[in-house]
1. What number goes with the only condition from (1) open to solvent by 40 Å² or more (accessible area, probe 1.4 Å); (2) at pLDDT 95 or above; (3) touching a strand residue (DSSP E or B) at 6+ places or on another chain (Cβ under 8 Å); (4) of a type in the set (Ser, Thr, Tyr) that residue 45 does not pass?
2. For region 22-51, which residues satisfy the criterion of being in a strand (DSSP E or B) and under 19 Å from residue 110 (Cα atoms)?
3. In region 48-79, what residues are modelled with pLDDT under 95, within 15 Å of the chain's Cα centre (by Cα) and of a type in the set (D, E, K, R)?
4. If I filter region 133-144 for residues that are of a type in the set (D, E, K, R) and closer than 22 Å to residue 68 by Cα, do I get at least one hit?
5. Give the residue, chosen from 73, 78, that is touching a Pro at 6+ places or on another chain (Cβ under 6 Å), crowded, with 18+ Cβ neighbours inside 10 Å and in a strand (DSSP E or B).
6. Go through region 133-158 and report how many residues are at pLDDT 90 or above, within 18 Å of the chain's Cα centre (by Cα) and surrounded by fewer than 17 Cβ atoms within 10 Å (Cβ to Cβ).
7. Given the criteria in contact (Cβ under 8 Å) with a residue 12 or more places away in the chain, open to solvent by less than 40 Å² (accessible area, probe 1.4 Å) and either in contact with an Asp or Glu (Cβ under 6 Å, 6 or more places away or on another chain) or under 19 Å from residue 172 (Cβ atoms) (or both), does residue 32 qualify?
8. Restricting to region 102-117, give me the number of residues that are of a type outside the set (A, V, I, L, M) and within 12 Å of the chain's Cα centre (by Cα).
Amino acid sequence: MISKHENVLTIQGCEDILLPAYRALRFTPAVVELPGRRALFAANSGKTDAELCRIDHISRQYPNLIKVEPALVEFSIVALSTRPLPDIKTRADLTGYTLGSQRGMKAAENYFQGDNIRYENNIRQVIKLLDDGLIDYAIVSLSGIRQMLQAQLRDDLVIHHPPLFHHKLYHYIHKRHQHLAAALAFEISRIKYQQAQQE
């Protein structure tokens, strides 16, 4: 059983690699969607067997989780606005502004500790904070916003470039399954190679 952060568009690519990797090892994983922090707690406590994908170094806070390399996907975090505001090029440019992000997105939580930041359950709720004028900038994944734009759900979103941060996402397994790490790493590499050949 694999925990997955619910309502996060960014991590679909992780699932597209990981599920075939498990099937190649003759496992049929069930993916359980949970709120972000609860998904990590479930995996760390052993209630689930693994966490679908998270940023590097998550084991510092959740010591029962073992990172499986290589990374599944890479993603970028950007500042987003819906009204004319100064361009954001660095983390420092956000000083003095009110921010919003998605609850359980550990990358944002780690970078913006102590800042005036509001967390919502999903990206649409974060954008509603922008619409209602409750925050100045949303801190979100670039791929998630691009998916919304491609679906033509919005056309008034201002994505500030360059991205604030870049992250790799890794699969994490509970330590009781440490014996699977090498085989999973091999299958992940094989599937990523196959996907790259098809692009």
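The values are calculated or read from the model by the stated rules, or taken from the named source; none is laboratory data. Given the structure is predicted, the values throughout are model-derived calculations rather than measurements. Every residue, glycine as well, gets a Cβ built from its backbone with ideal geometry; the counts of neighbours run over all protein chains shown. Just so you know, the surface numbers come from the protein's heavy atoms only, side chains and all, with ligands and any DNA or RNA stripped out. Shrake-Rupley method; radii C 1.70, N 1.55, O 1.52, S 1.80 Å.
1. Single failed check for residue 45: (3).
2. Answer for region 22-51, where residues must be in a strand (DSSP E or B) and under 19 Å from residue 110 (Cα atoms): just 51.
3. 54, 56, 74
4. Scanning region 133-144 turns up no residue that is of a type in the set (D, E, K, R) and closer than 22 Å to residue 68 by Cα.
5. 78
6. 0
7. No; evaluated as a whole, the condition is false for this residue.
8. Final tally of qualifying residues: 5.
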